[in-house]
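Below: the structure, in structure tokens.
The values are calculated or read from the model by the stated rules, or taken from the named source; none is laboratory data. Here the structure is a predicted model, which is why all the values come from computation and not from measurement. Glycine gets a Cβ as well: all are built from the backbone with ideal geometry, and neighbour counts include every protein chain shown. Note: areas computed on protein heavy atoms with side chains; ligands, DNA, RNA excluded. Shrake-Rupley method; radii C 1.70, N 1.55, O 1.52, S 1.80 Å.
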Amino acid sequence: MPGPTLPLLPRLRDILQLRFSAVFATLPAAAMASISPANPLKRLARVLGYAGLRLVGNVFKPIKNQEDLRGKVWLYVVSANNYDALNFIRQARPDAVLLAGQAKNIGRYNGAVNRLSLRRKLLYYWQFPVALLGLLRTEGWRAWRFFDFIFYAIGYYEVYRRALRHYRPRAVVFSNDHNDDTRSLLLACRAEGVPTAYVQHASVSTSFPPLGFDLNLLEGQDALDKYRQCGPVHGRVELVGMPKADAFLGLKNTEPAVRRVGVASNVHDPIPALTEALRFLLQEFPDLSFTLRPHPSDPRDFGPLRRALPALQWSDARQENVFAFLQTHDALIAADTSTHLEATLLNLVSIYYRFSANPLIHDYYGYAAHGLVDEARDLPELRDLLLRYRAQKPAGHYRRAAYYNATLGTANEGRSQALALALLADWLH
């Protein structure tokens, strides 16, 4: 049944919960610069650019979807990773359609998803002054620091409610639970009485919003334990393993020693510290190969790093699937990324090494605390771990991931997609 309309301020606090968290507010300046500039004038410039290019631009860009969205099961995606996590449902169900917001960047899948019109979003920006003043009273300085995020979030809820009334989808399946547009659609679904399901696509954090979908398909006990710390768990929960990994679990790394090392980075990792660590590794291990894989959303210029370390190899995350990348390596080094879990599932040894010094995001996913990965606190410790694994890599290292992947070592290992599809079908009927 349709629910009540959520008032503006409670709605925005829900939508922007992660943005107003202590962890988000203390991200390294270099990482934050690409997301929300510290200088308020630069933030204003980004807001104006968003208004001109996205909001006004959407008005003059008609949407021509190749598929009919009426009465379908919507698979809502906000990134290429989301697409990879939900595409198996599209392939298995003729009533499922992949879709995203009108101008959302889905990377290599931009042309493969249907779009929801955001042309009317412009009509709701009269709310912005009211929202900013109200959130300044409840959130304090963080509302001013992130007024750009408040601006971006305006109008999603209303536009998505209108879309739900127009298309009346049978259900909406999500693979992200904390982005502003995702949260807005979830709240809109509640208001319009549209059932919602969630397929976890990556490891979760205790900083995430409470689990709020009608059906929650989680990868393992780790995710459920963390969501219980986030707040009350809403809806039915099933532990199904990692559907996107099914095709790769039978291709575990069997190399007896480490020879090829992947390094995964994201915007939280300062380039100078990344450069220092890579230079050290290349000097200490001239017999090993090292490949850097920046996160696909990282907009920084890596040209100087390429020139400084010509022996370093590169992986383009916008073009190469993460499992394809991991298949060509024996070990992974990274800070806070769910790639650690994916690497361990494929029997790579994975080492947690922080390139930044932010104490609030130390072991963000709890991988080191729960023994999924080894932790190196400094470069000499990193060297010692690699020396050990260069001599011998454990054959059963992947078993460390059982807490994170509920099907590992069971009859359903490698059958997470079939399990998830069966649960979805039962829920929908």
Which of the residues that make up segment 363-412 are out of contact with any Leu (no Cβ under 8 Å at 6 or more places or on another chain), open to solvent by less than 30 Å² (accessible area, probe 1.4 Å) and of a type in the set (Ser, Thr, Tyr)? TYR389
For segment 201-222, give me the residue count where each residue is within 18 Å of SER416 (Cβ to Cβ), among the hydrophobic types (A, V, I, L, M, F, W, C) and at pLDDT below 95. 2
From the options LEU44, LEU55, residue that is open to solvent by 60 Å² or more (accessible area, probe 1.4 Å), modelled with pLDDT under 95, within 13 Å of PHE151 (Cα to Cα) and not polar (S, T, N, Q): LEU44
Taking segment 360-410 and keeping residues part of a loop (DSSP other than H, G, I, E, B) and of a type in the set (A, V, I, L, M) leaves ALA368, ALA369, LEU372, VAL373, ALA376, ALA395, ALA406, LEU408
Any pair with Cβ under 9 angstrom, 6 or more apart, that starts in segment 120-143 at a residue that is farther than 19 Å from ALA51 by Cβ and ends at one that is modelled with pLDDT under 90 and among the aliphatic types (A, V, I, L, M): TRP141/ALA25; ARG142/ALA25
Filter pass, ALA191 being surrounded by fewer than 24 Cβ atoms within 10 Å (Cβ to Cβ), among the small types (Gly, Ala, Ser) and modelled with pLDDT of 95 or more: yes
Given segment 65-176, what helices (runs of 4 or more DSSP H) lie entirely inside it while holding 1 or more residues that are open to solvent by 40 Å² or more (accessible area, probe 1.4 Å) and either over 28 Å from PRO243 (Cα atoms) or out of contact with any Phe, Trp or Tyr (no Cβ under 6 Å at 6 or more places or on another chain) (or both)? 80-92, 127-139, 141-145, 156-167
Of the candidates LEU99, LEU132, LEU118, LEU123, the one satisfying the condition of being in contact with a strand residue (DSSP E or B) (Cβ under 7 Å, 6 or more places away or on another chain) and within 14 Å of ILE154 (Cα to Cα) is LEU118
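Residue by residue, here is whether (1) within 21 Å of SER205 (Cβ to Cβ); (2) surrounded by fewer than 23 Cβ atoms within 10 Å (Cβ to Cβ) holds:
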| residue | (1), (2) |
| --- | --- |
| ALA273 | no, yes |
| HIS295 | yes, yes |
| LEU309 | no, yes |
| PHE325 | no, yes |
| HIS329 | no, no |
| SER356 | yes, yes |
